[in-house]
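Report on the following structure.
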Amino acid sequence: MSETKSDKPQAAPRTAYKVFRTISTRWMDNDAYGHVNNVVYYSWFDTAVNAYLIEQGVLDIHQGETIGLVIETQCNYFSALAFPQTVEAGIRVARLGTSSVRYEVGLFAQGEPLTAARGHFIHVYVDKQTRRPVHLPLNLKSVLETLV
């Protein structure tokens, strides 16, 4: 199936995101081609969202009864990032379900107006012991609603 021009993914502006988190690149993030390797971008998605949730007091990775499991990820790349750049990760929630959340993350070179990469991942929230889906805890849902 061919992609039409309107279907082609485009870089997004900063205004598309609700909150931002600064991430420092590391020497080891660069690959043999001199830019950040694609797998690192997915790590940044996890870091940006989970650190925000921990800071908001709605994710306790050690004692919490509910955890989010990733069931889908995707990323589009628009321009290269490389060490020693600083990256700014924009976060928003595109869909808030009963037990799942679609997070969208835009990665910006510091001060740049458009994403160098943007993508999403979906968490299904489950009971930590049984791994069965559960309703989003009310405190988590309240924080996520601010990102819609």
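The values are calculated or read from the model by the stated rules, or taken from the named source; none is laboratory data. Predicted model only: the values in this text are computed from it and were never measured. We place every Cβ from the backbone using ideal geometry, glycine too, and count neighbours over all the protein chains shown. Protein only, heavy atoms only, side chains kept; ligands, DNA and RNA dropped before computing areas. Shrake-Rupley method; radii C 1.70, N 1.55, O 1.52, S 1.80 Å.
Comparing THR130, THR25, THR73 in a Gaussian network model of the chain (Cα springs below 10 Å), the most mobile by mean-square fluctuation is THR130. Relative to the Cα centre, the charge distribution of region 1-137, modelled as +1 at Lys and Arg Cβ and -1 at Asp and Glu Cβ, gives a dipole magnitude of about 280 debye.
Loop-located trypsin sites (Lys or Arg not before Pro) in region 17-78 (DSSP state not H, G, I, E or B) with no more than 15 neighbouring Cβ atoms inside 10 Å: LYS18, ARG26. Restricting the GluC sites (Glu not before Pro) of region 51-115 to loop positions (DSSP other than H, G, I, E, B) with no more than 16 neighbouring Cβ atoms within 10 Å leaves GLU65.
Just want to confirm a number: the relative contact order over region 27-148, from Cα pairs under 8 angstrom separated by 6+ residues, in percent. Result for region 27-148 is 27 percent. Is the chain best put as rounded, prolate or oblate by its Cα gyration tensor, with a ≥ b ≥ c the root eigenvalues, rounded for a/c under 1.5, and otherwise prolate when a/b is larger than b/c, oblate when not? Here the chain falls in the prolate category.
The residues of the chain have, on average, 58 Å² of accessible surface per residue, using a 1.4 Å probe with all protein chains present.
With the dipole of region 35-147 worked out from charges on the C-beta (+1 for Lys and Arg, -1 for Asp and Glu) around the Cα centre, which of HIS135, THR47, THR66 lies farthest toward the positive end? Result: HIS135. If you bin all the Cα-Cα distances of region 1-88 at 5 Å, starting from zero, the percentages per bin are 3, 10, 17, 20, 18, 16, 10, 5, 2, 0.
Mind checking the angle between helix 38-55 and the chain's longest principal axis? C-alpha axes, 0 to 90 degrees, to the nearest 10. Approximately 40 degrees, to the nearest 10.
When the solvent-accessible area of the chain is split by element, carbon and sulfur atoms take up 52 percent of it, the probe being 1.4 Å.
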